[in-house]
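To keep things clear, I will list the structure first and then write my remarks on it.
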Amino acid sequence: MQLHGIPGAGRRSQKDYDAIMKNNVEDFLALELKREIAERYFGFRKMIEEDTLDLSEKIKYQLSILEKRISYELIRIYVLLKDENLIHEFMKLTGWEEKLFYDPYITESPTIRKKVFKGIKIRGLTRAGRFKNLVFDAYERLAAHVEHYRESLEDIETSRETINAEIDLFYRKNDIGNIMGFLRAIEGGGSQDSMGAKPDAGSVDTFEHKMRLEKPPPIDSELIKIPPLVPLPTISKGLKKLVDKAYKLNKGKILTEIAK
């Protein structure tokens, strides 16, 4: 029987033709199977990498909130109260046990005072009123930043746990070692790669290591946990007393410095 359309078919038997077709089908199925495995693995990997990158950006943003907003508002209050005993009383009012971002030097440094109060509007009719508003306004902004920071920190931790859970689930369903063994078996019983060369055990282990998905590291240690702040209405009377004491000690000189 003449086998049309197959090169050299006229010189081959039906048995040869069947063997060729079988090999072609096996190669096609192997290719499709490897493609499916690759699409599933790399598709999932891309999703995890995008989620991890998004997590990294969230962490960077919260670091900026901590360093440029929360710390600045606290430093403004420290500078205005100035006296260490008053600062200690302020911390008791807020419900915080630790003086975050505090250093005695910051209340004495003209450079720091100028930097943290740059662009801050001073409102009020009297000097005492303007001084009080500076402290109260800083506290209100601080409370808002702290609330946002705490909510975002919780969201970041949830995102990290979700990514870790997704990776665990993936490996429960897709063991990399089994996948690599299966792919090597398709390539020729594990003895040769697709180029006909015997793979080096070390290179295989290295490739398997690169294929593995790394879990996101713990949240940056710089993203400290901050307790909630007592709402301003709750401490307004006590804070007003502290402000009056600070104003009398300072004689309102800080207002002149800030206005320069």
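The values are calculated or read from the model by the stated rules, or taken from the named source; none is laboratory data. Because the structure is predicted, anything quoted here is derived from the model rather than measured. Glycine gets a Cβ as well: all are built from the backbone with ideal geometry, and neighbour counts include every protein chain shown.
For segment 240-254, taking the residues that are charged (D, E, K, R) and modelled with pLDDT of 90 or more, the one that is surrounded by the most Cβ atoms within 10 Å (Cβ to Cβ) is identified as 245. Every test in (1) touching a residue at least 12 places away in the same chain (Cβ under 8 Å); (2) surrounded by fewer than 19 Cβ atoms within 10 Å (Cβ to Cβ); (3) of a type outside the set (Ser, Thr, Tyr) is passed by residue 108 save one, and that test is (1).
Looking for whichever is under 21 Å from residue 233 (Cα atoms), in contact (Cβ under 8 Å) with a residue 60 or more places away in the chain and not charged (D, E, K, R) here; the options are 88, 148. Which one fits? 148 is the lone residue from the list that is under 21 Å from residue 233 (Cα atoms), in contact (Cβ under 8 Å) with a residue 60 or more places away in the chain and not charged (D, E, K, R).
Within segment 206-239, the set of residues being out of contact with any helix residue (DSSP H, G or I) (no Cβ under 7 Å at 6 or more places or on another chain), at pLDDT 75 or above and more than 30 Å from residue 158 (Cβ to Cβ) comprises 233, 236, 237. Across segment 80-136, the number of residues qualifying as of a type in the set (Asp, Glu) and closer than 16 Å to residue 245 by Cα comes to 3. Regarding segment 69-84, can at least one residue be identified that is within 17 Å of the chain's Cα centre (by Cα) and among the β-branched types (Val, Ile, Thr)? Scanning segment 69-84, I find no residue that is within 17 Å of the chain's Cα centre (by Cα) and among the β-branched types (Val, Ile, Thr), so the answer is no.
When restricted to residues that are more than 19 Å from residue 137 (Cβ to Cβ) and either basic (Lys, Arg) or part of a helix (DSSP H, G or I) (or both), segment 80-90 contains 4. With respect to the conditions (1) surrounded by fewer than 13 Cβ atoms within 10 Å (Cβ to Cβ); (2) of a type in the set (Lys, Arg); (3) not in a helix (DSSP H, G or I), residue 99 falls short on a single one, namely (1).
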